[in-house]
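The values are calculated or read from the model by the stated rules, or taken from the named source; none is laboratory data. Predicted model only: the values in this text are computed from it and were never measured. Here Cβ is always computed from backbone atoms with ideal geometry, including for glycine, and neighbour counts include all displayed protein chains. Heavy atoms of the whole protein, side chains included, go into the accessibility calculation; ligands, DNA and RNA do not. Shrake-Rupley method; radii C 1.70, N 1.55, O 1.52, S 1.80 Å.
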2 protein chains.
Amino acid sequence: MDQIKLGIIGIGNMGSSHARNILDEKCPEIRLVAVCDKNQERVEWAKKELSADIRYYSSPEEMLDSGVIEACLIAVPHFEHTKYAIECMKRGIHVMVEKPAGVYTLQVKEMNAEAEKHPDVVFGMMFNQRTNCVYRKLRELVQSGNYGEIRRTNWIITDWYRPQCYYDSGDWRATWSGEGGGVLLNQCPHQLDLWQWICGMPVKVESHLHYGLWHDIEVEDDVTTYVEYANGATGVFITSTGDAHGTNRFEIQMDKAKLVVENNQLMITEYEMTEQEFSKTNTQPFQTVKANTYEVETDGENPQHVGVLNAWADAILHGGKLVAEGREGVNGLTLSNAMHLSAFLGKKIELPFDEELYYNELMKRVATSKRKVGVKAVFSDTSSSYGGNR
Amino acid sequence: MDQIKLGIIGIGNMGSSHARNILDEKCPEIRLVAVCDKNQERVEWAKKELSADIRYYSSPEEMLDSGVIEACLIAVPHFEHTKYAIECMKRGIHVMVEKPAGVYTLQVKEMNAEAEKHPDVVFGMMFNQRTNCVYRKLRELVQSGNYGEIRRTNWIITDWYRPQCYYDSGDWRATWSGEGGGVLLNQCPHQLDLWQWICGMPVKVESHLHYGLWHDIEVEDDVTTYVEYANGATGVFITSTGDAHGTNRFEIQMDKAKLVVENNQLMITEYEMTEQEFSKTNTQPFQTVKANTYEVETDGENPQHVGVLNAWADAILHGGKLVAEGREGVNGLTLSNAMHLSAFLGKKIELPFDEELYYNELMKRVATSKRKVGVKAVFSDTSSSYGGNR
């Protein structure tokens, strides 16, 4: 079997998790041939923990120029995602970018523009939550046309709990200069992507962010966002890393159905006719349309990161379909940037928003960002934090 | 057994429902002796449908001055609630006011001021949802002090569906001049009261109202509100009369517990220690505090309107405790008025808000309000719409 020769830039929590999956032969069409980290300690760690058959680099450019790799997975801090993705594209190296696509849309659009110049480069985004059977099925139902239009979306995603020691585990964590934001940039890119993937993009965004409300950090750890869609529908997105046992409940109200995902279960209430048809013909003031509520069956598949990597390899080797096109990464980040901008300015933001203004506002915060002092980096096995449920 | 001699002003949907409960002997300490409605048709209807032992009036003042009644239940359109309550108080007649307490807080404060002058008048508010065992238990837990402070409140109460014919069933319905608002004034006073009864009042309110989004009406039928509490907690309140099968889910996140009421069931996730204690001592970046989730047992009692009336009679005859003190009606209405004002002005409102400004903004809308033409009033048995679940 043909195997793609893969390099990984960044061997922190996520990079090493991907490396282990590949070394454990969960991705039969991918061979890990090189690993790179600018932090020499991490390179030494990787040499000990991973395989002897791998080449190790401390310069990303050196690895990219080595001719050893055909494809590259980028798992560096968010600010540098787009830079290395562009470097890969310029060299004709297929690229998979960890979420978020970047920190601000301007840099992501630069990356997307470079991708346009290299149609042969297979460019994917690590939106592993798109592989979850429940969200795939939800999207299929919403976009089927069988239930009319969306009226209301509501996602309470407050089960991203992080204790203080998580934030203390890296001096870049939860700083404007290190991550460019908090829960919206680090934990929620998955949900922001799914939200738009399933429901489409809103046209107005108003967000209330609270910075360091539950932790000693400078970025947001508590978010309540209200949105409006072009058709008049509304939506709410609530997230936090401060709720020790939060909620993950996504509800979509449509003309002819209500859909709710909670506890990895998709429930539908299917109406006999649309609410509008009922309302126009019904003559009983306290009646509603007949409906049937049941759990929707899915294919049960939820391959997560491994699924994304295997689809990417399939796309490279056989022209298969990606789980998430790289250029779609800009959508979730647009939501995230608009939420930040709304909170920075204290007003409702219309999309498309002023990206230069956002960049300038972000850079003001980066300039005065206080990276933690005396922090010793700690790396963790994060696999329990995304499991099959998120 | 002593019985209170009761009169009812307003024999529409709610007034007649109360009358039937009393005539059905569900309120052993109350005797219905008089009924009044300014609409002569309703008086004729009541004469036929109710008891021959009752006196019928078409002038409220005449009934109040008759000496026949000791207590009065006010079930007239919202704008006139406070006027008749004040008339009762001035005559030493005990008074029970249907929700909402009034349409704007200025008039309700006038009513409360009058109540202060008549300490012997037992003044109650028809907040029948406070009798629901689930909300009583929820309040007890939240206010027990066992779970620390509130961090986040979230009520999605979109199961107030009303079809167009409901709005067409009275020319006053869903008009600024007839009701002074939409879902916030007619359907939600219960939840607005419970929200503050259980969680306390917020200090800031920002609300997005949509007027006639799902119906041909001039007032709001779709609401998304964001609030902030004095301790930094946040909250969201979402309601609509346009969702054919909506949701009634109330979640409260606290320092040491998460509480959720849905499907008339109260679930608690109880932590071993507060989130703060855990976060300070824990050293595992991806861990959270241990917790136990279970359904909370309640006393199962949910006597609704009858419970409110019986407690009122008990308060009058034996000094018992009301379900809801009349003067507490202002709290839910403060939330409702603040939501309207926020939407009218397009900005966040701090409490206490400018009540004169609100009154003036409301009166602008009342002045241009278009009552429906050619509408024939329809009266309905509404009992199925509040059952034991709301």
Condition check for A:G232: open to solvent by 20 Å² or more (accessible area, probe 1.4 Å) and away from chain B (no Cβ under 12 Å): no
Helices (runs of 4 or more DSSP H) lying entirely in the range A:1-87 (those with 1 or more residues that are open to solvent by 20 Å² or more (accessible area, probe 1.4 Å) and aromatic (F, W, Y)): A:40-49
Verdict on B:I198 being of a type in the set (V, I, T), more than 10 Å from every other protein chain (Cβ to nearest Cβ), open to solvent by less than 10 Å² (accessible area, probe 1.4 Å) and more than 22 Å from the chain's Cα centre (by Cα): no
Odd one out for A:W160, checked against (1) crowded, with 22+ Cβ neighbours inside 10 Å; (2) within 14 Å of chain B (Cβ to nearest Cβ): (1)
So B:D2, is it in contact (Cβ under 8 Å) with a residue 60 or more places away in the chain and under 23 Å from B:V121 (Cβ atoms): yes
Pair list, Cβ < 7 Å and 6+ apart or interchain, from the range A:252-264 residues that are under 13 Å from A:N231 (Cβ atoms) to residues that are hydroxyl-bearing (S, T, Y) and surrounded by fewer than 23 Cβ atoms within 10 Å (Cβ to Cβ): A:M254/A:Y147; A:D255/A:Y147; A:D255/A:T274
B:I316 being among the β-branched types (V, I, T) and touching a Leu at 6+ places or on another chain (Cβ under 8 Å): no
Among (1) under 24 Å from B:W195 (Cα atoms); (2) outside any helix (DSSP H, G or I) - the single one B:D120 does not satisfy: (1)
Of all residues making up the range A:163-187, the number that are facing chain B (nearest Cβ under 9 Å) and outside any loop (DSSP other than H, G, I, E, B): 4
Residue check, B:Y211 hydroxyl-bearing (S, T, Y), farther than 28 Å from B:N146 by Cβ, away from chain A (no Cβ under 11 Å) and under 22 Å from the mean Cα position of the chain (by Cα): yes
Single residue of A:G124, A:G102 found to be touching a His at 6+ places or on another chain (Cβ under 6 Å), buried (at least 17 other Cβ atoms within 10 Å of the Cβ), touching a residue at least 60 places away in the same chain (Cβ under 8 Å) and small (G, A, S): A:G102
Complete set of residues in the range A:83-105 that are over 14 Å from the mean Cα position of the chain (by Cα) and closer than 22 Å to A:I4 by Cβ: A:Y84, A:A85, A:I86, A:E87, A:C88, A:M89, A:K90, A:R91, A:G92, A:I93, A:H94, A:V95
Complete set of residues in the range B:283-320 that are touching a His at 6+ places or on another chain (Cβ under 7 Å), open to solvent by 30 Å² or more (accessible area, probe 1.4 Å) and part of a helix (DSSP H, G or I): B:I316
Matching entry among A:E206, A:E220 (being buried (at least 21 other Cβ atoms within 10 Å of the Cβ) and within 19 Å of the chain's Cα centre (by Cα)): A:E220
Flag for B:R130 being part of a helix (DSSP H, G or I), within 30 Å of A:V289 (Cα to Cα) and touching an Asp or Glu at 6+ places or on another chain (Cβ under 9 Å): yes
Residue in the range A:138-147 that is more than 14 Å from chain B (Cβ to nearest Cβ), open to solvent by less than 10 Å² (accessible area, probe 1.4 Å), outside any helix (DSSP H, G or I) and out of contact with any strand residue (DSSP E or B) (no Cβ under 6 Å at 6 or more places or on another chain) present: no
Among residues of the range A:287-327, those that are free of Cβ contacts under 8 Å to residues at least 60 places away in the same chain and either within 14 Å of chain B (Cβ to nearest Cβ) or within 22 Å of the chain's Cα centre (by Cα) (or both), counted: 10
Failed item in (1) open to solvent by less than 20 Å² (accessible area, probe 1.4 Å); (2) on the phi < 0 side of the Ramachandran plot; (3) within 14 Å of chain A (Cβ to nearest Cβ), with B:Q191 passing the rest: (3)
Unmet criterion (only one of (1) without any contact (Cβ under 8 Å) to a residue 40 or more places away in the chain; (2) within 14 Å of chain B (Cβ to nearest Cβ)) for A:K90: (2)
Total residues in the range B:188-234, condition of a type outside the set (D, E), in a loop (DSSP other than H, G, I, E, B) and more than 19 Å from B:A101 (Cβ to Cβ): 11
Conditions (1) under 27 Å from A:W172 (Cβ atoms); (2) facing chain B (nearest Cβ under 7 Å); (3) open to solvent by less than 20 Å² (accessible area, probe 1.4 Å): number failed by A:Y226: (1)
Candidate set from the range A:235-253 (those that are outside any strand (DSSP E or B) and within 9 Å of another protein chain (Cβ to nearest Cβ)); member that is surrounded by the most Cβ atoms within 10 Å (Cβ to Cβ): A:A244
Test set (1) open to solvent by less than 50 Å² (accessible area, probe 1.4 Å); (2) part of a strand (DSSP E or B) - A:V323 fails condition number: (2)
Test set (1) within 21 Å of the chain's Cα centre (by Cα); (2) within 14 Å of chain A (Cβ to nearest Cβ); (3) not aromatic (F, W, Y) - B:M267 fails condition number: (1)
Leading residue by the ranking (surrounded by the fewest Cβ atoms within 10 Å (Cβ to Cβ)) among those in the range A:256-282 that are assigned to a helix (DSSP H, G or I) and of a type outside the set (K, R): A:T281
